[in-house]
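Taking it in order: structure first as structure tokens, then the write-up.
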Amino acid sequence: MSEPTPTKKARGSVVIMAERCKGCGFCVEFCPTDALDLSSQYNAKGYHPPVLARKDNCTGCDICGMVCPDFAIYGFIKKPTKGH
Amino acid sequence: MATADPIGVLTGAHFIDGDHACSEGAIAAGCRFVAGYPITPSTEVVERIAERFPFVGGVFIQMEDEIASSIAIQGAAWAGKKTMTVTSGPGFSLMMEHIGLAAMTETPLVLVDVQRAGPSTGLPTMPAQGDMMQARWGSHGDYGIIALCPNSPQECFDLTIKAFNLAEQYRVPVLFMMDECVGHMIERVVIPSADKIEVTPRRMHTGSKEEYLAFAPKADLVPDMVKAGDGYHMHVTGLTHDEKGYPNMTVGTQARLVRRLVDKIKLNAEKIVDYREDGVEGADIVVVTYGITSRTALPAIEQARSEGLKVGHLRLVVAWPFPEKRIRELSSKVKAFVVPELNFGQMTLEVERCAAGRANTVCVPHAGGTVHNPKDIYEAIRDSVKGAK
């Protein structure tokens, strides 16, 4: 299992722990900015974990983290970086 | 107003105890999920529920403890069922945290407490009324609550239906405060036909899914519910939440939410309070009772009246919210209140608070284990005016 990797850019982002996911799709359904999709990839258990498909949409509100039954995803607000 | 589903209504006259009457009341009211951890003296309620539920399409689960029971019924409530759990003192203590959760998440449910003598394990098979203040203040934080006190098997049936109706109307946990005497008392119970039983259906939201706000209150300060799985976005949490249901831990949200939880009972209190009066107008002394003490007080009241004392009787049917307005009114007309209780003075404190020194308030305490000797209540009535203004 790979380390959690935050995706870059935008105001917020999510961390996905794909191996914890059972593909219930709550995060995709509840995302208020429609930033997530279910991936076409499989995890080791054979489920499709979520993927941040539209990363510019993500605000880091963490509603995905709140509704995830398996603690497989959480959102965070990015710190503004200088020069951008 | 909707009426009961005939499948659960055993119309006719029965000779059953208060516990069984409570089960029948729940089934008639439409309760179809009960989780419980049987405990004397409430066991007969769940015994009958377990026996009857397969025939009405209900589910009963015997849980691992009272904590699990009181949380399982909340899951079932959000899945759209009318739910109930049943316990006695020690289990009631364990359920306190979840009464707070149900109050915070505005989950309609009925919690039956067949009171026995405490504290702790106490006298498992003997009566008391020691949980009355715990019913009001048992969970941490501020919230409004409703508690009912039946005094006969017939009332165990009638008021259980009322308890479910109030729970649905105001979306609060309703506490059904029986006592061992009423629970194990066998009397005639008349169950009317289903079309005579009024049942409050769940307040369901029917608008669009996009505009749904799980905790946006209506005019009576109560929000409408949806069922989990119907496709509405909802989030139910014990954390301070905004109208969407998402945690919002700010001073402003806390003030709005908790004020509403308190106000929805406080401002509707006049619609909820229920008491029975007998000879209160023109009385010098009013005996305030609830549950089994309302029956042990009767011989005492009769004796006092036969000796020329003007004694009235006020019986609380709804203990919480307390009928503050009525007691205040009476306190300026009467000389004394006498409050017999199977505890060392709990509802007495409320009577005393509302009397505010305008009338003498006398408690007739009892440690529980049996009922009052009417002689003690009579003597308290007789002596109550001696020290009064």
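Data table
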{"quantity": "Potential lengthening between B:Gln62 and B:Asp142 on full extension [0.36 nm per residue; Cα-Cα distance subtracted]", "calculated": "25.7 nm"}
{"quantity": "Using θ = phi - 60° and Karplus 6.51 cos²θ - 1.76 cosθ + 1.60, couplings along the stretch B:337-353 (whole Hz; Gly, Pro as x)", "calculated": "10, 10, 10, x, 9, 8, 7, 9, x, 10, 5, 3, 4, 5, 4, 4, 4"}
{"quantity": "Accessible surface, per residue, of the stretch B:251-389 when the full set of protein chains is kept, probe 1.4 Å, Å²", "calculated": "43"}
{"quantity": "Cβ-defined net charge surrounding B:Pro124, 11 Å radius [Lys, Arg +1; Asp, Glu -1]", "calculated": "0"}
{"quantity": "Accessible area buried, both sides summed, chains A and B with 1.4 Å probe, Å²", "calculated": "500"}
{"quantity": "Cα-based reach from A:Lys55 at 20 Å (exclusive), listing aspartates and glutamates while leaving out same-chain residues under 8 positions away", "calculated": "A:Glu3, A:Glu29, A:Asp34, A:Asp37"}
{"quantity": "Once the Cα gyration tensor of the protein assembly as shown is diagonalised, semi-axes √(5λ) in Å", "calculated": "50, 25, 19"}
{"quantity": "Over 32 Å between alpha carbons, listed pairs B:Lys333/B:Lys375; B:Lys196/B:Lys271; A:Lys78/B:Lys227; B:Lys266/B:Lys386", "calculated": "A:Lys78/B:Lys227; B:Lys266/B:Lys386"}
{"quantity": "Residues with amide H under 5 Å from that of B:Met225, placed H, sequence gap 5 or more", "calculated": "B:Arg203, B:Met204, B:His205"}
{"quantity": "Under 10 Å, Cβ to Cβ, from B:Ile197 - net charge with Lys/Arg +1 and Asp/Glu -1", "calculated": "-3"}
{"quantity": "Share, in percent, of DSSP beta bridges within chain B that are antiparallel, nearest 5", "calculated": "35"}
{"quantity": "Size-normalised alpha-carbon gyration radius of the stretch A:12-77, reference 2.2 N^0.38 Å", "calculated": "0.97"}
{"quantity": "Exposure rank, largest accessible area first [A:Lys55, B:Lys244, B:Lys196; 1.4 Å]", "calculated": "B:Lys196, B:Lys244, A:Lys55"}
{"quantity": "Anisotropy class of the stretch B:97-157 from Cα gyration tensor, a/c 1.5 cut", "calculated": "oblate"}
{"quantity": "DSSP beta bridges in the protein assembly as shown [antiparallel fraction, %, rounded to 5]", "calculated": "40"}
{"quantity": "With DNA, RNA and ligands ignored, accessible area of A:Cys64 (1.4 Å probe; Å², nearest 10)", "calculated": "10"}
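The values are calculated or read from the model by the stated rules, or taken from the named source; none is laboratory data. Here the structure is a predicted model, which means the values were calculated and not measured. For neighbour counting, all protein chains shown are included, and Cβ atoms are generated from backbone atoms with ideal geometry for every residue, glycine included. The area values use the complete protein model at the heavy-atom level, side chains included, leaving out ligands, DNA and RNA. Shrake-Rupley method; radii C 1.70, N 1.55, O 1.52, S 1.80 Å.
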